[in-house]
Structure formats: C-alpha cells, structure tokens
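Everything on this sheet refers to the single structure shown next.
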Amino acid sequence: MKELNISPADTYIVVNKSIITAEDRNILTMLYQPIIGPLSIMLYFSLWSDLDKMELMSTEYTHHHLVTNMQISLTEILEARQKLEAIGLLKTFFKEENINNYIYQLYSPIKASDFFNHPILNVVLYNNLGKKEYDKLKNYFKTPRINTSSYQDITVSFSEVFTSVPLTSYEVLNEDIRKKNIQKLNIDTNFDFAFLADSLPSSLDKNKIFTKEIKELILQLSFLYQLDVIKMQDIIPICITERGTINKEELRKTCRNFYQFDNHGLLPSVVYNNQPEYLKEPVGDTSKRAKMIYTFETISPYELLKSKNNGSEPTTRDLKLAEDLIISYGLKPGVVNVLIDYILKTNNNKLTRNLAETIAGQWMRLNIETVDEAMRVAEKEHKKYRKNNSTPTTKQKIVKEEKIPDWFDKKIEKQQASQEEQEAMQDLLKEYR
C-alpha cells in the first residue's frame, strides 16, 4: 500500500538493523552526501540520534519531532527519506490508521573500498565532485603501504596459543546476534536474463556464468549505461573467460566503451547533472541576480545548451565541451552554466573551445565551486577586459553597445520570497526546460 501524505501527528519508531560506527559518519558525509545532499544525511543522523542508549530501537515519536529538530518541512523530510531509501541506507514500513504509523529501519553505508569499486555510486560520485575533489577523497581513504620484504613474519597462530579442552555441549543460537547489515541498490528493471542466456552457445554453463553477483552487476551496468538486453548480447561473449566465467572488470570496461561509442565519447549523466545540493545558495532572495543564481543551480548544462538552441538538441561539439569542462577541469555543473552563458552573451553567441578552456583553467586554479563565485569572477574579469580595451574617446560607446549577461552588476537585496515571487522564479526556469 502506498502511503498518504505525511502528517505531523503521524508516529514512527527507528530500528537499527546494523552496527553503525564512527567511521560510517565519515563515509556518509564524504561519499554519500555529494550524491544525496545534506538534508538526507541530516535526516539519517537525526533518526540515528533517536535510538536508545544501546542503539537498538527508539521510542515512539511524531513527525512533528523531526520537523522541529531539523527545521525543515514535511515535504523536505519525505524527499530526503526517499533518497536514503533509494541509495540503500533506509527501509520504510507504513501502516495506515487514524494516525499513521511508520517504522524506519537504518542500514550501514557500504565500506569505502566497496564504494570506490561500485559500478554506479563511484561514477556518480566522480561526476558530482569532479576529478580534483574525487582524487582527494580517494587519497583520504587509501591504506598506507609499508615494505615488509626485509622483515620476518613472527606472528603466532591460534593453535600455538590456545588448546582445545572438552566442555559440556549446548545448543548455540546466534541468529539474533547483531551484525553489520548493508542494503544493495534496488533497481527496478524488466531485464530478461533468460533471453540473454539463450543467446549464448549451449556448450556454456549458464549457471556458472550468471551467478547472483554477476546478475546484480549486469543490472547496475545496464541501468548506468542505458544498455538493453540486445546490446548485452554483444557484450557478454566478449567478457567470458576460458574458464567459462565472466570477468567483472572486463564487463565494466566493455559496457563503458559501448556507451561512449554510442554517445560520442561522453560518460553517462555528467552534462545532465545540476549543481550539487551542498553548493547551492539558500532560497529566499528575490533579486534578479539571485533568480539567475537559482536558475544556474537547478538546471543542467544540457538544459542550458538546449534553451540557447531555442529548444533544439545541443550539438555534439557543445555537449563534448561541457563534458570536458566538468570532467577534465573539475568544474561543477552550475559553474559550467555560468561559463557557457557568459561566453555566448559576450562572444556573439559563439561557444569557442579555446576561450572556454582558458576561462575554465583560470576558474579551476581559483577553485571556483559555486555559481555566485563564478558570476563574481566573470564580472571582475570582464570589467578588467573593458578597461584594458577602451580609450577615453571610445570607452563610453563600447560600454553602451557591448552586450553582457543581465546578471552583471546587480545588487542582491535580502528578503523573504513571497508566493507570487516564488511562482515568478519557476516561470524563469521554464525558459531553460
């Protein structure tokens, strides 16, 4: 049964289905937060804090308790909860009554080593952070290597220290002992494994090829790289080893190559992402500049390019350039939007790669991450350019005729957005959809 809208009076209890450690906090904030955003992580920690001293189960709370503690709306709580569910950190159970009841089951995040080898989470993390921040995170979780070749291993074995003695036997029941539980990503799909298996030579052992682990990997890769069973028929035979099993690394690599071949060398989803949640400005400012910041933060580079083409699909060259700005230069999607908008409006609607890469290189060195920072540095550099390329007799004419982005030199007046102003902001977004 699908739940109704959450009411502040609806009750919930939290059940810990795992063993959550201090190290998990680092993994949640450093690896999961760039993907699902700070509100979802805050909700996870809030539910965690509701547990009893033994961290087993909470008492009954109302959702008003969450609203008060987190200072966000029920709608935001629902959105944050669904992201936790989608990424495998939470399971939700619902019972409809006069006052609805919920059970929230908490699960541990996966280990850092598993995260960086995950076919979906690793790619999404890289796309959201960019190469520079991604490499920093990877180095943080790396284990130092020490050369022990000149040392002797003198570690004693268990049998050298302990001996076995007869004791009275008793029945050992340990199924209820707490352990670390991790949920796998639940991907809804109609992928036809039977059809895929039938396409392989009958001499191959299908059960040996399509193990549970390999099936999960195929589902994840087919979702990530948008590969249907027909394309997988071409991929699987390439990855079968002499022993009649599938080489997982070869499968990942081949799926990626197929996707890039069909998409002109691009990696999935990068140009379709928008600015990460943790780098967005607070909503509430109603100035025109703030509305442009909101727009650049909430659309993807693909949507921006499409809007600049009057609704037509962006060219392959423009998409490849946007992809390179994100991947090679580590710029965030919102920052790429500012760069593209700035170049088009100051370069006669021509998106020149050399100019884009020159600006991107500067912004990368300046560590520009937010839309506001990008707009300010663009304004500053443009003023410097106008000053250096104007003479006293022509300066006034150049400034008057030159077309610049309408977000230049606009003061931000801080105030709460009214309902009408919020609707106007949404109308502004429609230009880029």
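The values are calculated or read from the model by the stated rules, or taken from the named source; none is laboratory data. Owing to the predicted nature of the structure, the values given are computational and were not obtained by experimental measurement. We place every Cβ from the backbone using ideal geometry, glycine too, and count neighbours over all the protein chains shown. When the accessible area is computed, the model is the full protein with side chains, heavy atoms only, and any ligands, DNA or RNA have been set aside. Shrake-Rupley method; radii C 1.70, N 1.55, O 1.52, S 1.80 Å.
With respect to the conditions (1) at pLDDT below 75; (2) in a loop (DSSP other than H, G, I, E, B); (3) loosely packed, with under 14 Cβ neighbours inside 10 Å, N367 falls short on a single one, namely (1).
Identify the residue in segment 292-333 that is in contact with a Pro (Cβ under 7 Å, 6 or more places away or on another chain) and among the hydroxyl-bearing types (S, T, Y) and, among all such residues, is least open to solvent (accessible area, probe 1.4 Å). Can you show your working first?
Just the residues of segment 292-333 that are in contact with a Pro (Cβ under 7 Å, 6 or more places away or on another chain), to begin with: 300-302, 305-306, 322, 326, 332-333.
Narrowing the set further to residues that are among the hydroxyl-bearing types (S, T, Y) leaves 300, 302.
On the way: S300: 3, Y302: 35 Å².
Top of the filtered list is S300.
Selection over segment 191-221 of residues that are exposed (fewer than 14 other Cβ atoms within 10 Å of the Cβ) and in contact with a Ser or Thr (Cβ under 7 Å, 6 or more places away or on another chain) gives a count of 1. Those helices (runs of 4 or more DSSP H) of segment 127-215 in which at least 1 residues are at pLDDT 65 or above and touching a helix residue (DSSP H, G or I) at 6+ places or on another chain (Cβ under 9 Å), considering only elements entirely within it, cover 131-140, 193-198, 206-209.
Report the residue count in segment 324-361 for those that are in contact with a Gly (Cβ under 8 Å, 6 or more places away or on another chain) and at negative phi.
Residues meeting the conditions: 5.
Per the listing S46, S58, S40, the residue uniquely among the hydroxyl-bearing types (S, T, Y) and more than 30 Å from Y134 (Cβ to Cβ) is S58. Taken over segment 345-354, the criterion of being touching a helix residue (DSSP H, G or I) at 6+ places or on another chain (Cβ under 6 Å) and either in a helix (DSSP H, G or I) or surrounded by fewer than 18 Cβ atoms within 10 Å (Cβ to Cβ) (or both) is satisfied by R353 alone. For segment 21-44, indicate whether the set of residues that are in a strand (DSSP E or B) and open to solvent by 40 Å² or more (accessible area, probe 1.4 Å) is non-empty. No, segment 21-44 contains no residue that is in a strand (DSSP E or B) and open to solvent by 40 Å² or more (accessible area, probe 1.4 Å).
Applying the criterion of being more than 25 Å from S40 (Cα to Cα) and at pLDDT 80 or above to the residues of segment 260-289, the residue that is most open to solvent (accessible area, probe 1.4 Å) is K288.
I218 satisfies every condition listed in (1) modelled with pLDDT of 80 or more; (2) of a type in the set (V, I, T); (3) more than 22 Å from Y259 (Cα to Cα) except (3).
I need the full set of residues from segment 222-245 which are surrounded by fewer than 19 Cβ atoms within 10 Å (Cβ to Cβ) and not in a loop (DSSP other than H, G, I, E, B), in order please. Even if it seems obvious, please write down each step before you answer.
We begin by selecting, within segment 222-245, every residue surrounded by fewer than 19 Cβ atoms within 10 Å (Cβ to Cβ); these are 223, 226, 228-231, 233-234, 237-238, 240-245.
Selection gives F223, V229, I230, K231, Q233, D234, P237, I238, I240.
Among the numbered conditions (1) in a helix (DSSP H, G or I); (2) modelled with pLDDT of 85 or more, the only one that E421 does not meet is (2). Of all residues in segment 120-156 being open to solvent by 50 Å² or more (accessible area, probe 1.4 Å) and small (G, A, S), which is nearest to I368 (Cα to Cα)? Here the answer is S149.
Scanning segment 98-118 for residues that are open to solvent by less than 10 Å² (accessible area, probe 1.4 Å) and not in a strand (DSSP E or B) yields S108, P109, F115. Within segment 60-71, residues that are open to solvent by 60 Å² or more (accessible area, probe 1.4 Å) have Cβ atoms under 8 Å from residues that are part of a helix (DSSP H, G or I) and not aliphatic (A, V, I, L, M) in these pairs: N69/S46, counting only partners at least 6 apart in sequence or on another chain.
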